[in-house]
Structures are given as structure tokens and as C-alpha cells.
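Report on the structure given below.
The values are calculated or read from the model by the stated rules, or taken from the named source; none is laboratory data. The model shown is predicted, which means the values in this text are computed figures rather than measured ones. Heads up, the Cβs are rebuilt from the backbone with ideal geometry, glycines too, and the neighbour counts pull from every protein chain shown.
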Number of protein chains: 2
Amino acid sequence: MLDGLFRPRSVAVIGASTKELQIGNRIVKNLLDFGFKGPIYPINPKGEDVRGVKAYASILDVPTDVDVAHIIIPAKLVPQAIEDCGKKQVKFVILNGGGFAEVGAEGAAIQDACIAAATKNGIRIMGPNCQGVINTDPNVRAYCNFTFTRPDPGFISIVALSGGVAELIHQAFAEQGIGTRMYASNGNACDVSIPEILRYYGDDEGTRVIVLYVEGLRDPKTFLEVARAVTQKKPILAMKAGRTLEGAKAAASHTGGMAREDLSTDLIFDKTGILSFRDEAELCQAAAAFAVQPAPRGNRVGMITNTGGPAVISTDVFVGGGLQIPTLPEKSEKILKENMLPEAAIHNPLDVLATAGPAHLRAALDAFMDEDAFDSVYLNLVTPFFVDAEGIAKQIVEVNQARRKPLVCNLMTDRRQWAETVRILKEGGVPCYSFPGTAARALVALTRYNALRSREIGVVAQFDDVARSQVAAIVQRARAAGRTMLSSAEVYNILGGYGIPVAAWRLADDASAAARAATEIGFPVVIKADTASIVHKSDVGGIVANLQDAGAVRATVEAMRKKFDAPDLRFFVQKFLPGGREIIIGAKAEPELGHLIMFGLGGIYVEVLKDVVFQLTPVTDVEARAMLSSIKAARLLKGVRGEKGVSENALVEIIQRLSQLLTDAPMIQELDLNPVIAFEDRAFVADARASAAQ
Amino acid sequence: MLDGLFRPRSVAVIGASTKELQIGNRIVKNLLDFGFKGPIYPINPKGEDVRGVKAYASILDVPTDVDVAHIIIPAKLVPQAIEDCGKKQVKFVILNGGGFAEVGAEGAAIQDACIAAATKNGIRIMGPNCQGVINTDPNVRAYCNFTFTRPDPGFISIVALSGGVAELIHQAFAEQGIGTRMYASNGNACDVSIPEILRYYGDDEGTRVIVLYVEGLRDPKTFLEVARAVTQKKPILAMKAGRTLEGAKAAASHTGGMAREDLSTDLIFDKTGILSFRDEAELCQAAAAFAVQPAPRGNRVGMITNTGGPAVISTDVFVGGGLQIPTLPEKSEKILKENMLPEAAIHNPLDVLATAGPAHLRAALDAFMDEDAFDSVYLNLVTPFFVDAEGIAKQIVEVNQARRKPLVCNLMTDRRQWAETVRILKEGGVPCYSFPGTAARALVALTRYNALRSREIGVVAQFDDVARSQVAAIVQRARAAGRTMLSSAEVYNILGGYGIPVAAWRLADDASAAARAATEIGFPVVIKADTASIVHKSDVGGIVANLQDAGAVRATVEAMRKKFDAPDLRFFVQKFLPGGREIIIGAKAEPELGHLIMFGLGGIYVEVLKDVVFQLTPVTDVEARAMLSSIKAARLLKGVRGEKGVSENALVEIIQRLSQLLTDAPMIQELDLNPVIAFEDRAFVADARASAAQ
């Protein structure tokens, strides 16, 4: 539990300085200015008072218990300071300073010493190289942080490793008067972690929405588990930066991490129901709506405006975001015709006209809130000088506070001339935006959250007819033979052991054996040269397909024997399956997480159109089916232009069985089923490759 | 010339009221409050002073000339008021009131009467049903408008039919202290038009950037011509709303226009070099950068930051927007190593660290401005309490004012605590944003403008070997016969007349003639039943392909004769071209503009993947080539997986010849070349359909 960190009863500042531009001075000032409810204990060796607060020469001299101790002294002295904190039974230390793992090996050693000292003394570490935490709860008012943003109390809690971006978001909320509940930036994060903080925010009643920024995930398994639980309770709005390779490089340069293409963070966000954003401004604006509005129960929006154009912009955004704008039902139309100005446009969007007054707006809002055809209400409001804007605002707030449905508002006004109108709406919990598109995007986000929260996730199938121990044995034998690349026979045996259908095959040493095998399997067959010395068989003529009789098989084998003079050369004889649609299903290990499974159509669809989708193991039935339907060429699986469709059930089962195989055999590094040939009633693996971790 | 409208020497307000909540009162107040430099003449029948300004009973009583007269009286009285204005030789009338074409037929008749009165008297009309204009030029200060936004003088001029959106943009600039040069919203736009206003802004020296909002274009040809000229002088940033069908409906409902899918506005924006936006907030933020920064000469950006994470976000946006982030060249690396803090990360992005002071930032900016590898500079600046932020700001401004390269800044600060820092940067012409992505998008827009302005547009080929008069004659004959749908022979003759290659064909009346024709053409052939009674021939067995000899031709014709018992039945015998790639090239008339040409690959590419692109006639060589390269499957045209590519020159020539044909024959409504079969060395039309306007 992080209560001691976020709700400290007392805070010490080890390294508190009398110099104003020192962090150790600033933290004392921040705690004082923010009205921290507990005692503050500046610790400095000279014992000089800091900002008028009585200081102590040592933490051991402090008269009461200490929940949190900031330590802002040279890195090499920090482990000893943690030992001292141990004697004082301090619960949490916040290490704001730098000079730890982020600067290299020497710093990393100091960081390790800190962890050792903390573990020994039962102390938790926030940081090092971090900003710290803030809690705006009126009973706490903890500003355990050296930055400068002064948050209003609110309902949004922020967490990010990157202090820069955490601060950026925090500033946006402060500048727009949106408010913050809690704030945490844990820098090097050697102990207190993002998942732990997420879990804490999840349990905090004052937090209605969580904002998260990441450039990658450490311990993704724990993250996944925690995030999945938290999103059921409240929304997590997140942004992952470093999406482009250049962005990943920039992220690596300031975090000391590795620059690599990261597909899994997005998949984790999706799997756990985190609302993902590509634009940090949009994220902040959406968070403001989540702070004061419930999520709608569906995607049907009723739109009210008192000026035309902005509603057009919002309509485009709603439709682009998957919302529906239902036709206004007759019952509501009738009510509105009686209550609106005669020239008003009684549709959805409803244009009440700029001349509409408080009673018109009230009637319009009531009708829309009562209308079963709408799940949410969007309001575009301009404040012409000739109407009673404050009166209108009061009506909106009354309707809003009945909380029948979520409401967002694009408010077109001069915020200085109409300050009171703005105040009424804000205090009444109406999220107001300065652009119709921005307001609409916030409502789209509320609607997306509802869809995520209420969607069916499906179940991970457990197949019993699998040969689990056989897989490990095969991989172990290959490793023992010094190979990470498995032979075709090994791969097919593994697949066979997991019930993944493979086109019938035999291994043959020579032409006669091959011809015999082909006869057993049934013609036509394909012959593949099988030797560790050739990797890309098809490029060098190592595959000959569609052989119709034993003679052709013999001739092919003889020709290959002349061509590939390898001591381990054998011949892979396999049923040739003409027709059918080529599918690629691939898998790749994701460190500390599981495997990424890729699905796509073969040939130009993967090579030219890059039309592939990914999912993380374990893959549920619903997820597997969604993989099939989310490629752009999904309609081809159903059959188009008179062609037959393919068995989606067969493909879904292959993905599920593959997922179970990979979960059981994490040492498999890569596994490509390429192609899988799919027919109307079944699907077979026609070729496969696999490698194991060393 | 619109000087009289935007730079009036005097303004009369016909219908000026003493009642504060009347528009006729508000306009007088707005002119007064904004400090209009000329005389204001309230006109009201009782002659009561308005807001302390002497009023006149009639416009004819006014002692001086009148450039602009607002008319705010009931619609039916407006035509007479315009007549009166004529007697007074008023130059422009602004009709702010409603009750004209936007309310139906009766209003439209009044609007027509206004136009007649104005034409007769040499008066120009702004509106009706419009807000009017604003000019912030210190020598003019004309607030000829009844809204409430108080603009600071600036360099951005705004134009939109929709008063709501014009006002929205105007408010955004006012709220963010960005400033406005001129403002115009012309409502029903019965006379003074958007192109005219664009041209005026284009000639106005004080306007550096134009912001345009449309929901569709009237008189698109004039718009195209004017916009093309203006964008060579200064950027036009535009947004088109009503993109979705629902959005188009919403637009139609408040403009009285027709709801239809609109592809051409985007194409016109692209053709004319207008910078198009999908998000009105992003448009406004970009405009703020254009107002104070030049466009970069290329797409290579140098990034400086004093905190890590935000630079990662910006990097993603830059890369997504087509910018490059070059590796820092050695020369600059050396300079920076000597001038930065020892722990600074000397790369691009350059992290100068939060502890960097004015001298560090100055050295970093100078190095980046001098570095030939960068075309523009992005700065991410947080203002920690321990550095001299104002000193840093002064250095940034000095560097900026040398105007070596465009600079945009993401400023992470508390705008209240660091008000002076913000002021220094703003007055120094440094565009500052509150989000790194927002700042980056503004720089992407600057870079896009440079690319648009400096791109090669190409030339419209003029083919001389075309049979222009023949086309008109064919269409006329069809019309005379009561047909809008042309027969295959007519279509092929038209295509042939324009040098568009068609697979060799003959028309035959019976089986023997067909067999003879097939022999002449050479086998294999395809037979198509030719009768006006069948539209979708292939659906009913009206096409039989790949006939190898005369017997097969005869049998096919006999079978079709039995099947289709139409009096006009004939048989289309055409060379069958096996192999090759199926292409679709289509055309559709765009009212008042020309034709839309569509290009895509046939089959599933168009049906399932919707992989098609559009262009407007006349299509230049560069545009035609860009159509080929901008489909997603463009690589297929080059040849993949061992397949041969197709002749792109042949396809480009077909598009160009088609463009010329359509330009010469605007009465062609639709023309589909489907399929065109393309080979390595040539391309042929294998089937085509066309219809003419009635």
C-alpha cells in the first residue's frame, strides 16, 4: 500500500538547504505554500532553519514518526541516509536527485546500494532521479515535489516515469482550471512502480480518471494484470510515445532503454481496456470530460446547437469516431415543435437558433435527455449579446446535475466578457471546450470507454489433446545438437502435437523412398530439400510443387541431390494442396510478456499491402476472431466475386492452438506458419519454420 | 476591389436602434468601442441619437459620402433601402439581418430584389444573413459586425460563409492573444464572394496568412483560379467540414444546400496548394506559427529540449508528418560539446538539460540555426525555478529575430508565475505552444506549405491527334435518339478519336459476320451482346470470353440470339487479351467544375480494398503519374513476386488523353474504362461505358 507515500502524516527533507535555488529548499517551500497538513522537518547538518521551519541536524533528531523523507544529497551519500531513515522507521524515501542508474555503471551501483539499504530496513523508494508525488486531497495537501505547477483539487490522477511529460499534463490541467487529484512521476523507478501506482489510484475514491504516459512498459505482465483490474473500476487514459523508430531512439536516449519497434504496448492497452491516445492535448481534453461526466451507455448522440457550422464539424468527428447521430424520433420532434422558436430546425442536430433563451435551451436539453434514442448529449453554445447567457448556463447546469446522460459542451464565448457564464458552467460540472471538434472528441472518448468496458473479451481455450512435454523434448534435443533453428520434421511434430493440422508429410532419404512416401500420401505432392545448409529453400530451387506421379518425384529428388551436395540432405515429401487461400500466421517472443501472433493473407497482401494484424498471447476466442475480421481484406475470407470463402473456424482454432503452444513453450523464439492454406471446410499448414531461444 | 468594404472611410447603420439588445445598436457600439477612424452615421426614422452618436432620419441626410451602410431592417424593406443607398452613392451594403434566401422562396425573391436594386445602383452587397467584416488595421479599426470578439491586431485574416465557425476561429485567436488582421463572414453570399475576399486578402500587405472555412464551394472554377494565385503569395490554411455523409446533411440543413459526398473540395485544395486541415484547433495553432515565422526551405528539423519526454512526443509527430530528424553533423557536435553542460546529450534531439542557462540555450540555438543539415528548429523549453527563464527567453528572441530559420517552441511553464518570460517570447515573435505535439504539428504545417509551394505541378498535355468535333456529333446523335447512355460502338469511337487505345473490335449482326470479324481481328476473341435493353451484360451471360475459333464464335452468337430476344441486338466482337493487369479508370462530371477522374486496380482492389484515387480535370502529367503512385498497391504496377510490371507511361497517357476528352466534351456525364488491361509495353481499354447529360 502506498498510503504512506500519497497521504504522509509527516515529511522530512534530508538535504534541505537555505539557498532558494536549491531543490532541497524548494520542496520545503512547496510543502508550505501548498498547505501540507502535517509537520515538515528540514534536515541539514548545520541545523539552520529553512524558510522559517525549524530544522534538525539529523533525521534521528526529529520528534515524531516520519512517513516520507526526501533525500536530496549527493548520490554516493544516499545509501547511508537510507540506513539512517531505517533507524527512524521512515516508510518511504523520495530520491529527487540524479547520479544513479541514468548516468551509467557507477550510478547503477549506487542505486543498487540504495535498494539494498531500503530492503534491509523495510523502506520503499520513490525514484531515484524523480519529481515525486502530489496529493491535492484537502486533508493531505502533500506537494512532495520540486516543480512549480499549482494544481486545483480535482478528480484526475496522473502518473508517468517521464517528469517532463507528467509536468506537461499537470500544467495543462492547471492552466485550464481542470484540477488534479494525485500526481506521481517515479523517474528511474527502482522500487515503487507504475502498476503499483495505478493500483493505488484505482483504489482511491477521489480519483475518477487516471492519466498515464509511457514510452514503453517495464514488467509488462504485471502492468497487464493491474491495468485490466483498474479499467473495470475507472478509466485509464494513456499515451505511448516513441511510436516511430526515430521517436523510440529519442526515448532510448533519455531513458537509457533500447530503441526498438514496439507493437506490444498498444496491444496491452487494447487488451486491458485502456483508452489509448496519439495526441497528448486530446488526452488531456478527454480527461476533463471523464472528471465530471459518466460514460454513455451507447454510441448514439443527440446534438443541440444555437449556430450552424460548428455542429457540422462535430458531426464529422462523431461519425469518424464511430458514433451515431440518430434521426430525431417523432415524439421528441413534437415536443420540440411546441417549445422551440418557430424558425428552429427541429432535427438532430437541433438548431435552436442564436436567439433562443434559457427556456428554449432548457426545453431542448430536457427533451434530449429524456429521448431514449440518445445515449449522450452534445451542446454547441454561442453567447450572443442579445440573450441571457447566464440564465442559459443555469438551465444547462440544472439539467446536467440531474445526471441523466453525459453532456459535453462547445462554448463559443469571450471568456473575459462572459466570465460569470463560464464560472456557472464550470462549477456545475459541464465540460466546456473552445472548439467543436475538441468537444466532440471528448465525447467520443467517453463513448469509447463504455464500449471497451462493456465489450466481450472472450475466453482462452484450453485444448486437452496436446503433447506438452513432447515440445520441450524436441526443443531440448535441438539445443543439445547446437541448433536454435528447428528442422521441418521437428516443427511439424510440434504442430502435430498441438493439433494444428499440417498437410500430410513423410521424410525420405532417397528417390525410391520419396516415391513410396508420395504414393502413401497421395498425389500431387511437393518435394522440399531438407538440410540445415539451406535457409531460403524456394529461392534456390529447393521446393518443387505439384508432382503428379512417382516418376516425377524420383526425377525431382535426383535433380536436387545433384544440386545440393549436403551430407544431411533429406527430402521432405508433402501433400500438395492446390487452390485454397494462402494465409500467414506468425509468432515472435516478446520479452517478459509472451508472444506476438501475426495474422494476414499471404502474397501481395502481406508483401505489398502490409495488411496484417497482431495480438498477444494468450489469445481468446473473441480476439482470434477479431484478428480475422480486422485485416483490411477481411471480406476475402468470406468469399467475393464468386469465389468460395474459407473456414474461419478452422483459422480461429489454429490461432488458439498456436497461442496455447506458445504459452506452454515460452522458449520458442519465432514460429511462422507460412503458408497456411485455407479452404471452405478446413485449413492446413503447408510450410512452417521455428526457432528456439539459445 | 473591396477597399471600400474593408477600409471604409465612413459607415452608416440603417436601422440603428436605441435599444441595447438590438443588432442595430450593437454595431454602433462595436464601431465606437473598437475606435473606428471615420464617422459613424446611425440612421433611424425618429432621428434619436444612438450611443451618443448623432443620428439621421434618412441616409440621404448624411453630410458626407458613405462607403459602407449596414442595413438592419425587416427584409422586405431592404430593397427600397438599397435604392436609397444608391441615391447616396453608397459603395457597399452589409445586410446583417435574416429573412432572405435561407428561409425559402419568399425570402429568395426579396434577395433577388436586393441584387437587382444593388446592380442598378452600382452597389455591392455583403450578405445577406451575415456578420460582416472587421479590419484591425490601426488606420481603419472597422468593426462592421455585430459579434463580440475583440481582436488584437495581427497578421491572420479569416474568411468563412458560416458566421459560427468564423467567430469560433476569431475567438481562438483572441483568447490566445494571436491577433487578427481582417475578418469576413458573408452568410448567404449573394454578391461579394469568398474568392473575391481571398483575392483581396492576397493583395493586402498586412495579411501574412489566410484562414478559410468552407462546407463546400460555390463557383469552384473561380475559387480554383483565385486560390492558385493567392497561395503563391501567401499561405491559405483551410478546413472543409461536412466530410461525412451525416456532416454533409448537417451542413445542408443550415445552408440550404444539397447533402452529397464531396470529393472535389479536397482535390481543389490540393491542386491549388491550399493547406488542408481536419481539425480546426490544429488549423488555428498552425496559423499562429505562419503569422510570425517563414516557411522552412526543407523538411529537416533540428530539435533542442531541456527535458526528455516531450521531445519524444514531438519526434513521433515530425516523423508522422514527413519530416526528417537528421543525425547531428560532426561540426555542430564539436561546437556543442564545447558549449553545453558536460552531461548534456549532444545529439539531435539535443538535450541541454533542465539546468542549462541563457548562455547554453543561446549557444545551442546558434549552432542549430547555423547548421546546414537543418531547415527548421524546434525548441522544447521547461522553466525550472532554478534557471533564469527571462534571460533564456531574451536569448531565444534574439536568435529568432535574426530570422535565419523558422523556430517553434513548446513552452512548459506556469503562464501566471512566468508571465514576463511568456511576454518576452510572444513579443519576440516566437510561436509558443502548450503541448509538444501541437508545436510539432505547427512546424509540420509550415514545412508542408513549403513543399506545396515549391512542388512541380506539371503541364496539361495538349494532344493534337484528336477528333474533337466527332465527340460532340456522337453525343448529339445519341441525345437526338433519346438516349443518354451511349452504345459500346459510340464509346469506342469517341475513345478512338482521342487516341485512347481500345482492343480491336467489330460490330456484327449475325453469327457469320461475327465469325468473319473474329478472323479479321485474330483469335482469341470475346463476344458481347450489344443491346440497349441490357445494362449489366456480364451478370446475365451477355459476355463470353476467350473464344478460340470461328466455330466457337458462331455457337456463342447463336446462343445469345436465343437468350436475348431484343430487336436492336447486335454482337460486339473484340480481341481478347489474356494476362495483363486489370485497371479501372473512371470519370464523372462535377457540376460547374469539370470531371473527377478515378484510378485504381480492378477486381478486389477496388471492390474489397477500395484502393482508388481521384483527380480533377484537367490532369497534368505530374498529377497523372502521382495517381499511379498513390494507390496503396502501387508496387503492383512496378511488378512484384516475379511478375512483370505494366507500362506506367501508357496508363499516364490514357489518363491525360481522357482528361483532354472530358475537357473538350463537358456534356459527358460518366465514362468508365473498366477494365483497362495493362501489359509491360502497352495498355488497352477492354470495355467501356459512357453516358451524356440530358
Give the number of residues within segment B:411-429 that are under 33 Å from the mean Cα position of the chain (by Cα) and over 13 Å from B:A393 (Cα atoms). 0
Pair list, Cβ under 9 Å, 6 or more apart: segment A:526-555 residue under 20 Å from A:A688 (Cβ atoms) and among the hydrophobic types (A, V, I, L, M, F, W, C), other residue at pLDDT below 85 and in a helix (DSSP H, G or I): A:A529/A:K537; A:A529/A:V540; A:I534/A:V540; A:I543/A:K537
Go through (1) within 14 Å of chain A (Cβ to nearest Cβ); (2) farther than 19 Å from B:A439 by Cβ; (3) basic (K, R) for B:K394 and report which single condition fails. (1)
Show the residue pairs meeting these rules: Cβ distance below 8 Å; 6+ apart or different chains; first residue within segment B:663-687 and not assigned by TED's automatic domain parsing to the domain that holds B:V526; second residue in a loop (DSSP other than H, G, I, E, B) and of a type in the set (S, T, Y). B:T663/B:T617; B:Q669/B:T484; B:A678/B:S647; B:F679/B:S647; B:E680/B:S647; B:D681/B:S647; B:R682/B:S647; B:A683/B:S647
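Which of the residues spanning segment A:227-239 are of a type in the set (A, V, I, L, M, F, W, C) and surrounded by 21 or more Cβ atoms within 10 Å (Cβ to Cβ)?
Across segment A:227-239, the qualifying residues are A:A227, A:V230, A:I236, A:L237, A:A238, A:M239.
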Quick check on segment A:295-317. Is at least one of its residues out of contact with any Cys (no Cβ under 9 Å at 6 or more places or on another chain), more than 14 Å from chain B (Cβ to nearest Cβ) and either of a type in the set (K, R) or within 30 Å of B:G24 (Cβ to Cβ) (or both)? yes
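I'm trying to understand the selection: among the residues of segment B:150-169, which are within 10 Å of chain A (Cβ to nearest Cβ) and either surrounded by 24 or more Cβ atoms within 10 Å (Cβ to Cβ) or touching a strand residue (DSSP E or B) at 6+ places or on another chain (Cβ under 8 Å) (or both)? Let's see the steps before the verdict.
At the first step, the residues of segment B:150-169 found to be within 10 Å of chain A (Cβ to nearest Cβ) are B:150, B:160-169.
Scanning segment B:150-169 gives B:A160, B:L161, B:S162, B:G163, B:G164, B:V165, B:A166, B:E167, B:L168, B:I169.
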Within the bounds of segment B:408-426, is there any residue that is within 24 Å of A:E282 (Cα to Cα), surrounded by 24 or more Cβ atoms within 10 Å (Cβ to Cβ), touching a helix residue (DSSP H, G or I) at 6+ places or on another chain (Cβ under 8 Å) and away from chain A (no Cβ under 14 Å)? yes
I need every pair where a residue in segment A:590-616 that is assigned by TED's automatic domain parsing to the domain that holds A:A633 and without any contact (Cβ under 8 Å) to a residue 24 or more places away in the chain has its Cβ under 6 Å from the Cβ of a residue that is charged (D, E, K, R) and in a strand (DSSP E or B), sequence separation at least 6 or different chains. A:G603/A:E582
Where the second residue is in a loop (DSSP other than H, G, I, E, B) and of a type in the set (F, W, Y) and the first is touching a residue at least 12 places away in the same chain (Cβ under 8 Å) and lies in segment B:91-108, which pairs have Cβ atoms under 9 Å and are six or more apart or on separate chains? B:N96/B:F146; B:G107/B:F100
Name the residue that is surrounded by the fewest Cβ atoms within 10 Å (Cβ to Cβ), counting only residues in segment A:375-407 that are of a type in the set (D, E) and outside any helix (DSSP H, G or I). A:D388
The one condition B:L495 fails out of (1) outside the structural domain of B:L673 (by TED's automatic domain parsing); (2) touching a residue at least 60 places away in the same chain (Cβ under 8 Å) is (1)
Among the residues of segment B:213-235, is there at least one that is in contact with a Ser or Thr (Cβ under 9 Å, 6 or more places away or on another chain), in contact (Cβ under 8 Å) with a residue 60 or more places away in the chain, in a strand (DSSP E or B) and more than 13 Å from every other protein chain (Cβ to nearest Cβ)? no
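Which of the residues belonging to segment B:526-575 are of a type in the set (A, V, I, L, M, F, W, C) and assigned to a loop (DSSP other than H, G, I, E, B)? Even if it seems obvious, please write down each step before you answer.
Initial filter on segment B:526-575 (of a type in the set (A, V, I, L, M, F, W, C)): B:526-527, B:529, B:532, B:534-535, B:540, B:543-545, B:547, B:550, B:552-553, B:555, B:557, B:559-560, B:564, B:566, B:569, B:571-573.
B:A532, B:I534, B:V535, B:F564, B:A566, B:L569, listed by residue number.
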Look through A:V646, A:V685, A:V652 and report the one residue that is touching a Phe, Trp or Tyr at 6+ places or on another chain (Cβ under 7 Å) and buried (at least 19 other Cβ atoms within 10 Å of the Cβ). A:V646
Could you tell me whether segment B:383-391 includes any residue that is touching a helix residue (DSSP H, G or I) at 6+ places or on another chain (Cβ under 9 Å) and more than 14 Å from chain A (Cβ to nearest Cβ)? yes
Of all residues making up segment B:318-350, the number that are facing chain A (nearest Cβ under 8 Å) and either at pLDDT 95 or above or in a loop (DSSP other than H, G, I, E, B) (or both): 7
Restricting to segment A:54-83, and then to whatever is in contact (Cβ under 8 Å) with a residue 40 or more places away in the chain and among the acidic types (D, E), can you tell me which residue is surrounded by the most Cβ atoms within 10 Å (Cβ to Cβ)? A:D67
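Please count how many residues of segment B:1-22 are assigned to a helix (DSSP H, G or I) and surrounded by fewer than 24 Cβ atoms within 10 Å (Cβ to Cβ). Explain how you work it out, then say what you get.
Start the filter on segment B:1-22 by keeping residues that are assigned to a helix (DSSP H, G or I), which leaves B:3-6.
Imposing the further condition that a residue be surrounded by fewer than 24 Cβ atoms within 10 Å (Cβ to Cβ) reduces the set to B:3-4.
Number satisfying all stated conditions: 2.
For segment B:277-286, which residues satisfy the criterion of being in a helix (DSSP H, G or I) and within 13 Å of chain A (Cβ to nearest Cβ)? Quick ask: steps written out before the conclusion?
Restricting attention to segment B:277-286, the residues satisfying the condition of being in a helix (DSSP H, G or I) are B:280-286.
B:E280, B:A281, B:E282, B:L283, B:C284, B:Q285 - these are the residues of segment B:277-286 that are in a helix (DSSP H, G or I) and within 13 Å of chain A (Cβ to nearest Cβ).
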When segment A:522-542 is examined, which residues are found to be surrounded by fewer than 18 Cβ atoms within 10 Å (Cβ to Cβ) and modelled with pLDDT of 90 or more? A:G522, A:F523, A:P524
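Each row is one residue, and each column tells you yes or no for (1) out of contact with any Asp or Glu (no Cβ under 8 Å at 6 or more places or on another chain); (2) more than 18 Å from A:R7 (Cα to Cα); (3) hydroxyl-bearing (S, T, Y); (4) not in a helix (DSSP H, G or I).
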residue: A:A116; (1), (2), (3), (4): yes, yes, no, no
residue: A:N129; (1), (2), (3), (4): no, yes, no, yes
residue: A:V133; (1), (2), (3), (4): yes, no, no, yes
residue: A:N139; (1), (2), (3), (4): yes, no, no, yes
residue: A:F148; (1), (2), (3), (4): no, yes, no, yes
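Being of a type in the set (A, V, I, L, M, F, W, C), within 14 Å of chain B (Cβ to nearest Cβ) and not in a helix (DSSP H, G or I) is the filter here; which residues of segment A:170-188 pass it? Full working, then the answer.
Step one: filter segment A:170-188 for residues of a type in the set (A, V, I, L, M, F, W, C), giving A:172-174, A:178, A:182, A:184.
This time we only want the ones that are within 14 Å of chain B (Cβ to nearest Cβ), so: A:172-174, A:178.
If the condition is that a residue be of a type in the set (A, V, I, L, M, F, W, C), within 14 Å of chain B (Cβ to nearest Cβ) and not in a helix (DSSP H, G or I), then A:I178 is the only one that fits.
Output the number of residues of segment A:31-44 satisfying the condition of being at negative phi and surrounded by fewer than 23 Cβ atoms within 10 Å (Cβ to Cβ). Full working, then the answer.
Residues of segment A:31-44 at negative phi: A:31-34, A:36-44.
Subset that is surrounded by fewer than 23 Cβ atoms within 10 Å (Cβ to Cβ): A:32-34, A:36-40, A:44.
Residues in segment A:31-44 being at negative phi and surrounded by fewer than 23 Cβ atoms within 10 Å (Cβ to Cβ): 9 in total.
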Qualifying strands (runs of 3 or more DSSP E) (wholly inside segment B:579-675; at least 2 residues being within 14 Å of chain A (Cβ to nearest Cβ)): B:581-590, B:594-601
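Each row is one residue, and each column tells you yes or no for (1) of a type outside the set (A, V, I, L, M); (2) surrounded by 17 or more Cβ atoms within 10 Å (Cβ to Cβ); (3) closer than 15 Å to A:L658 by Cα.
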| position | (1), (2), (3) |
| --- | --- |
| A:F572 | yes, yes, no |
| A:K575 | yes, yes, no |
| A:G586 | yes, yes, yes |
| A:P591 | yes, no, no |
| A:G594 | yes, yes, yes |
| A:M598 | no, yes, yes |
